[in-house]
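See structure below.
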Amino acid sequence: MTEAAGIPIGLAVAGANRNDCKLAEPTILSIPIARPAPTVAAPQGMCLDKAYDHDFIRDLLAEHDFTAHIRSRGEEARELRADLGHRARRWVVERIHSWINRYRSLLVRWSKKTNNHDALLKFSFALIVWQQMRVLE
């Protein structure tokens, strides 16, 4: 999970055979800092792709006071047919995946213990945040 500028704020680790929508709640609960309360003037949105287009995900987001922005199945295909010059928007979280792939020990999982792999992921997140904070200065 990332915030709007692409800074990682949440993490849930599971096997590659696990559906992403099943990890939505552990990912939300992994946010290490207290979120400010959303208001009408400043709602907190959650942008998700069509894999998360389920009623239980919408209920989960409402329970955690997020405004759901979920692409429904087929919506993007209809937009592409209507506007042939439309380019697909790259999700902010995909940039984090690219940055994580820079670290060889994470690209190819060498660590056998889940705790070690989790620690490497969190360390890479810390490095990414540190690098991005230097960029923002």
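Only DSSP H runs of four or more residues enter the estimate; each adds -39500 (n - 2.57), and after division by the residues of the chain the mean residue ellipticity at 222 nm equals -12500 deg cm²/dmol. Normalised per residue, the accessible area of the chain is 72 Å², obtained with a 1.4 Å probe and no contribution from ligands, DNA or RNA.
Most tightly packed first, judged by the mean number of other beta-carbon atoms within 10 Å of their residues, the peptides 120-133, 29-42, 70-83 read 120-133, 70-83, 29-42.
A cut-off of 5 Å between modelled amide H atoms, ignoring neighbours fewer than 5 places along the same chain, links Ser30 with Leu11. Split the accessible area of the chain by element, probe 1.4 Å, and carbon with sulfur accounts for 55%.
The values are calculated or read from the model by the stated rules, or taken from the named source; none is laboratory data. This one's a predicted model, so the numbers in the text were calculated from it and none came from an experiment. Every residue, glycine as well, gets a Cβ built from its backbone with ideal geometry; the counts of neighbours run over all protein chains shown. The protein model used for the area step is the full one, side chains on, heavy atoms only, and it has no ligands, DNA or RNA in it. Shrake-Rupley method; radii C 1.70, N 1.55, O 1.52, S 1.80 Å.
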